[in-house]
1. For the stretch 99-112, which positions are surrounded by 12 or more Cβ atoms within 10 Å (Cβ to Cβ) and out of contact with any Phe, Trp or Tyr (no Cβ under 7 Å at 6 or more places or on another chain)?
2. Which fully enclosed helices (runs of 4 or more DSSP H) of the stretch 113-225 have 3 or more residues being among the aliphatic types (A, V, I, L, M) and buried (at least 16 other Cβ atoms within 10 Å of the Cβ)?
3. Contact list please: Cβ distance under 9 Å, first residue in the stretch 282-311 and polar (S, T, N, Q), second residue part of a helix (DSSP H, G or I), pairs at least six apart or on different chains.
4. Looking at ARG245, ARG309 in this structure, which one is basic (Lys, Arg) and surrounded by 20 or more Cβ atoms within 10 Å (Cβ to Cβ)?
5. I'm trying to understand the selection: among the residues of the stretch 237-258, which are over 25 Å from THR296 (Cα atoms) and part of a helix (DSSP H, G or I)?
6. Quick test for you: out of ALA209, ALA217, pick the one residue that is under 29 Å from GLU10 (Cβ atoms), at pLDDT below 95 and among the aliphatic types (A, V, I, L, M).
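The values are calculated or read from the model by the stated rules, or taken from the named source; none is laboratory data. In this text the structure is predicted, and so the values were computed from the model without any measurement. For neighbour counting, all protein chains shown are included, and Cβ atoms are generated from backbone atoms with ideal geometry for every residue, glycine included.
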Amino acid sequence: MKAGKLSEAELKRSVLGQLHASGDRAQIPAIGQDGAIVRTDGADVVCAVSTMPAAPAMRVPVTVYTACNNLACCGADPVGILVSLLLPTSADEQMLRGMMGEIDAVCAGEHMQVLGGHTEVTRQVTRPVLSVTAVGLLRRDAPVGQTVRPGMDILVTNRVGTAGAAILAHVREEELRSRYAQPFLDRAKQTDGGLSVRTAALAALQSKAAAMHDVSAGGIYGALREFAENFDVGLEIDLKAIPIRQETVEICEFFHLNPYKLLSTGSLLVAAEDGGVVAAKIRQANGEAAVIGKITDGNDRVLLCGEERRFLETTQTDELYKIIGS
């Protein structure tokens, strides 16, 4: 099997196809679901998981933010995270302290805490592997049960591929210096709007968004495909409308990568009746947002680029793994 996310077919056949509902207090997992909602007699609890090798640069905060972003997409406020960390025997205590410091810094910024977890040194891994389970409480204005319909607008927040390009600029900086000046690389290392979608998600909820989906591993193409599968809808997306930084485009050209399949933690997909209203609300909250297309009838997921019209590919491994491994 290839490194990275399972293919859509593998996920349906060998993971989701083996699971069955038990009772009515939780939903059955599905492609494109950002988190699991557990119904209680009080507030509903939302859980979301993110797992990633914890090296090289930025992967620790990216893993934590991805789990928290999944909560935000479900309309939940974070309470805390459970951390599972597997370390190779080559690791030392200084590495462990550094990673936990990064985790705690993200928690402080998101006003939550580490609730517990498990840390173990094992010969079964050659690099640290971090798994984060975020736990939150569902907001009353969460878009649960709302219908995603043909004709709705699709928006994306922030600029796609920024997180992946920033990681590449950190870990392959020496190689990139053969073509790019240091100021360019310094800009590429920055994540601009940050890695959290929480503020944008809250603004979208306040402007009556119908649904949201985190854009992370697999990039914007992967997120669009998962979104369409989850709601069983078609899409018509204007490729030129998708916001992306020039630094991301050039770094991807250098490594022969597709920037639209690159890690995009910090971006959010939103479906809404009036995308202009939602985008304006997000901008008022100091975020970035752009309407990139429409939800359509049927199952066709179409990308438009000028006169060219082609179909969106099935979800594939994130482009980042081609350069630095999974």
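1. Residues of the stretch 99-112 surrounded by 12 or more Cβ atoms within 10 Å (Cβ to Cβ): 99-100, 102-107, 109-110, 112.
Once the filter is applied, which keeps residues that are surrounded by 12 or more Cβ atoms within 10 Å (Cβ to Cβ) and out of contact with any Phe, Trp or Tyr (no Cβ under 7 Å at 6 or more places or on another chain), the stretch 99-112 yields MET99, MET100, GLU102, ILE103, ASP104, ALA105, CYS107, GLY109, GLU110, MET112.
2. Numbers: elements: 162-171, 173-176, 182-189, 198-206.
Of the helices (runs of 4 or more DSSP H) lying wholly inside the stretch 113-225, those with at least 3 residues that are among the aliphatic types (A, V, I, L, M) and buried (at least 16 other Cβ atoms within 10 Å of the Cβ) span 162-171, 198-206.
3. Matching pairs, first to second residue: GLN284/ALA203; ASN286/THR199; ASN299/ALA228.
4. Values: ARG309 fails: surrounded by 20 or more Cβ atoms within 10 Å (Cβ to Cβ).
Residue meeting the stated conditions: ARG245.
5. Residues satisfying the conditions are GLN246, GLU247, THR248, VAL249, GLU250, ILE251, CYS252, GLU253, PHE254, PHE255.
6. Details: ALA209 fails: under 29 Å from GLU10 (Cβ atoms).
Testing whether each residue is under 29 Å from GLU10 (Cβ atoms), at pLDDT below 95 and among the aliphatic types (A, V, I, L, M) leaves just ALA217.
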